[in-house]
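Derivation of every value follows stated rules applied to the coordinates shown; laboratory data play no part. Not measured: the values here are computed from a predicted model. Positions of Cβ are generated from backbone atoms using ideal geometry, with glycine treated the same way; all protein chains shown enter the neighbour counts.
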Amino acid sequence: MTTELTVLVVGTGGREHALVRALAADPAVTALHAAPGNPGMATDATLHAVDPLDGGALVALAQQVGADLVVIGPEAPLVAGVADDLRGAGIAVFGPDRAAAELEGSKAFAKEVMAAAGVPTARARTCHDPEETAAALDEFGTPYVVKDDALAAGKGVVVTSDRDEALAHAEACGRVVVEEFLHGPEVSLFAVCDGTTAYALQPAQDFKRIFDGGRGPNTGGMGSYSPLPWAPQDLATTVIDDIVQPTLDEMRTRGAPFIGCLYVGLALTDAGPRVIEFNARFGDPDVQPVLALLDSPLGQLLHAAAHGRLAEVPAPRFRDGAAVSVVLASAGYPESSSKGDVITGVGRANGVSDVDVIHAGTALTGSDDSQQLVTAGGRVLSVRAVGYDVADARTRAYAAADLIAFDGLQRRTDIAAEPLGVVEGAAALEP
Ligand code: AMP
Ligand code: GLY
């Protein structure tokens, strides 16, 4: 077993803050660094003003701090090949190389791998021009699902019953994937992979629309909870056996072993779980409640994965109970965001028992002796709580969230109130 680990976390958002919190709880993690990090992480990690997309600068930083492990949070550096740079310099990385990150970077590539691996997913066509798109829309029928082939920061997917809107989105994107609509509740399942084998974390649900009842535009996620008491007991095992393992085998055969988190976005259809999308990283805020409940050491797990030795460490364990995260977003989100709004109440919210406040888009302004926390992004904070069950965690999260204020604050009131199901998707189809 590893006894002393220095870990560098790359990224600035809620996912990275939640990772830092969980890594700090691992007794083997003796030093934590973040590049560039955010004000919330400063309690647990040393922050370094390094650009997550600058592979050379990250190699230099990892060497300077003596990192035993670099954990890359967001998709952009992964797709840009930052993990390749670090591995090239002999540094252990949790996060796929550029070639393996294509599972997220190109929806068409992901579909091709799923087809080759026999992974259950929506039937789909990759379309290059309006004629192909029109034919695919007619083949699959309504609701239409049109996805930008390339990374689009959560804005690439249009689900609509309006054929003109579907065609217009395809026209604006260029290359698109048109696919059949999947009916059923959505689930996020994170698989920690070492290129050959995988361990599943506990499933979660992420509420993606901006308004209560699943209305309004898609966001990066407005709240989440875990576990899912209503989901099949064997869901994680099924997903590893039928989806993750065949995908890992296929990627290895292609010479692009996947080392990192394979985020499986699923629809639980009447015919069983179907992949909606793959991401090459943990999801945010979905991973927040999952990490709050993790009862085994995260640093040692990710370190083993980075070294291709996952089979040598125990599978992750989770404590009883449940966790809920409620996102607080700034004015204008998701179309835009508001910077510089003064945030109050974070200290009081953090003082509520079983609650911690995760920073996503915050900054400190002012001089050293009178610093103020202000908004600095669309999703600003998440209030995360653990409890006996989902209802208890939810009550605590909202009680703490009530203590936080800033101009233009937006939040949903129905996170984890009931399982996110078909309703959310169906409401999105209304004008
Ligand atoms: P994605 O970026 O692929 O996760 O898509 C964003 C959202 O669109 C998903 O979270 C789903 O709610 C919805 N979506 C995407 N693909 C499908 C599909 N084939 N059937 C139903 N809903 C979908
Ligand atoms: N919560 C959705 C994502 O991280 O992509």
- [ ] Name the long-range amide H neighbours of residue 202: under 5 Å, sequence gap of 5 or more, or other chain; modelled H, no Pro or chain starts.
- [x] none
TODO: Rounded to the nearest 500, what is the 222 nm mean residue ellipticity of the chain from helices alone, with -39500 (n - 2.57) per DSSP H run of 4+ residues and division by all residues?
DONE: -8500 deg cm²/dmol
Open item on the list: Please list 3J(HN,Hα) in residue order for the range 111-118, calculated via the Karplus relation 6.51 cos²θ - 1.76 cosθ + 1.60 where θ = phi - 60°; whole Hz, with x for glycine and proline.
Closed with: 5, 5, 5, 4, 5, 5, 8, x
- [ ] Using θ = phi - 60° and the Karplus relation 6.51 cos²θ - 1.76 cosθ + 1.60, list the HN-Hα couplings for the range 211-219 in order, rounded to whole Hz, with x at every Gly or Pro.
- [x] 10, 3, x, x, 9, x, x, 5, 10
TODO: Find, among the chymotrypsin sites (Phe, Trp or Tyr not before Pro) in the range 162-235, those assigned to loop by DSSP (not H, G, I, E, B) with at most 15 other beta-carbon atoms within 10 angstrom.
DONE: 230
Task: Integer Hz, Karplus 6.51/-1.76/1.60 couplings in order for the range 381-387, x for Gly and Pro - done: 9, 10, 9, 10, 9, 10, x
Task: Around residue 85: net Lys/Arg minus Asp/Glu count, Cβ-Cβ under 15 Å - done: -2
- [ ] Give the residue from 276, 187, 290 lying farthest towards the positive end of the charge dipole for the chain; charges sit on Cβ (+1 for Lys and Arg, -1 for Asp and Glu) and the dipole is referred to the Cα centre.
- [x] 290
Open item on the list: With Kirkwood's inverse mean 1/r over C-alpha pairs for Rh, give me the Rg to Rh ratio of the chain, two decimals please.
Closed with: 0.95
TODO: Fewest Cβ neighbours within 10 Å first, please rank 48, 169 accordingly.
DONE: 48, 169
Task: Label-zone membership for the range 116-142, site residue 163, 7 angstrom Cα→C-beta point, backbone N under 14 Å - done: 131-142
Open item on the list: Can you give the local net charge around residue 245? Use residues other than it whose beta-carbon is closer than 14 angstrom to its beta-carbon, Lys and Arg +1, Asp and Glu -1.
Closed with: -4
- [ ] Taking H placed 1.01 Å from N in the peptide plane, check which residues at least 5 places from residue 69 or on another chain put their amide H under 5 Å from its amide H.
- [x] 6, 8
Task: Summed side-chain charge close to residue 35 - residues other than residue 35 whose Cβ falls under 12 Å, Lys, Arg +1, Asp, Glu -1 - done: -3
TODO: Please report how far the C-alpha centroid of the range 120-185 lies from that of the range 280-351, rounded to the nearest whole angstrom.
DONE: 31
Open item on the list: 5 Å is the cut-off here: which amide hydrogens, built 1.01 Å from N in the peptide plane, fall below it relative to residue 47, excluding neighbours closer than 5 in sequence?
Closed with: 34
Open item on the list: Taking the Cα centroid of the range 13-42 and of the range 206-273, what is the distance between the two, rounded to the nearest whole Å?
Closed with: 24
TODO: At most 14 other Cβ atoms within 10 Å plus a DSSP loop assignment makes a site exposed; report the longest stretch of the chain without any exposed GluC sites (Glu not before Pro).
DONE: 5-334
- [ ] Tally the DSSP beta bridges in the chain and give the antiparallel ones as a percent, rounded to 5.
- [x] 80
